[in-house]
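Accompanying notes for the structure given below.
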Amino acid sequence: MTDPGRLSALNALNLAKKALQNGERQRAYQLAGYAALKDASLEEAWLILAALSPPDASLQFLKRALEANPASSRARQGIRWALQRKRKARFLQDQTSPIRTLAGERAIEDTSKISLIKAAALPAQKNAKKAARRKPNLITPLIFSMLAIGGVLCMAIALWLVLSQNWVVMAGVGPVVKPEGALFKPSLTTTPTHTPTATPTHTPTFTATPTPTETPTETPTETPTPLPTETPTEQPDISQPNAATGGERWIEVVLSQQTLYAYEGDQLINSFIISSGTWMYPTVTGNFQIYAKYRYSTMAGPDYYLPNVPYAMYFYRGYALHGTYWHNNFGTPMSHGCVNLRTDDAAWLYEWASIGTLVNVHD
């Protein structure tokens, strides 16, 4: 006889594979987790969980896969893959570290300062070279001046010698008479050469660049885990306890069998296949009583909205027994904690049970 727990795990694993093929990653993760929880020897369930998890969690799931099957080549390859992902994630984290980024910015800033200093010094060097070329040479003008004076003297002496041949100078006779047509030439006087004075060149002063301050990084807050179906707000169907003919009526929900049983005393009256909560949103266990009944109820949560849910019977906070029109996958955990029944089965149970009916939920 097949173990009901292993049969439920195999069904969940098959559904996880189909969900993964259809791109429904969250649903595949939930179903694979349920399968691994029910039967830890299912290697395939651990591999699916590893493929859909971050690097650190992937390593843990792959180790569980090796425990389930020590000869698994896929698990060993998966461990190498997860280690590569982990190293790559650390490398990217180091590259984007605020400290390293600030150091890089300061290094760039220092390089910019050196370039600016060199650029500021370059015009000063060029101006110094120009000033050196414009610096007056005192020796060369002096030589030219002496040569000019010597030339003038030579010309004056030559002129005097020429003119002295036509002039007669006699002592005591009278003033010197200038012959007609003779000309006197004045002696040339040298003019000083203008020497330009180099003017100092303005050198720009380097202004320091302000150092950028580190920008604080926000720390993400943890996302709250959604609760199961909210407590209903519709007008309840107030019914009186049924008159038990063979004993008190009560309901038993066996999660490991995904089955609901209806009893009167010790006598089994009816049984139905169900879909309870997944491993992420498990159905509560314990002894409860139906406290409200609704012919139609609207159920909503962070990731679902289900209007007009038929034949809802609440037994603990937002947990209820109710009909289901959005899936037909009974026998497999599918809900956010409620007990899903086929709509016809829920209608029969709704008419049979009453306010105060005992609901015993266990694995």
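The values are calculated or read from the model by the stated rules, or taken from the named source; none is laboratory data. Keep in mind that what you see is a predicted model, and the values were worked out from it rather than measured. FYI the Cβ positions are ideal-geometry reconstructions off the backbone, even for glycines, and counts take in every protein chain you see.
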* If a residue has to be under 17 Å from residue 347 (Cα atoms) and either touching a Lys or Arg at 6+ places or on another chain (Cβ under 7 Å) or crowded, with 20+ Cβ neighbours inside 10 Å (or both) to count, how many in the range 273-295 make the cut? -> 5
* To do: Check whether at least one residue in the range 32-42 is modelled with pLDDT of 90 or more and among the basic types (Lys, Arg), and report yes or no.
  => no
* Subset of the range 1-10 [exposed (fewer than 15 other Cβ atoms within 10 Å of the Cβ) and without any contact (Cβ under 8 Å) to a residue 24 or more places away in the chain] -> 1, 2, 3
* Structure fact -> When restricted to 20, 13, 31, 42, the only residue within 20 Å of residue 78 (Cβ to Cβ), surrounded by 14 or more Cβ atoms within 10 Å (Cβ to Cβ) and under 28 Å from the mean Cα position of the chain (by Cα) is 20
* Asked: Under 9 Å by Cβ, and 6 or more places apart or on different chains, what pairs join a residue from the range 304-331 that is at positive phi with one that is surrounded by fewer than 18 Cβ atoms within 10 Å (Cβ to Cβ) and in a strand (DSSP E or B)?
  -> 308/296; 308/298; 311/295; 311/296; 331/259; 331/273
* Working carefully through the options 28, 57, find the one that is farther than 24 Å from residue 329 by Cα and modelled with pLDDT of 85 or more. => 57
* Asked: So, in the range 65-82, of the ones that are within 20 Å of residue 34 (Cβ to Cβ) and surrounded by fewer than 18 Cβ atoms within 10 Å (Cβ to Cβ), which residue ends up nearest to the chain's Cα centre (by Cα)?
  -> 67
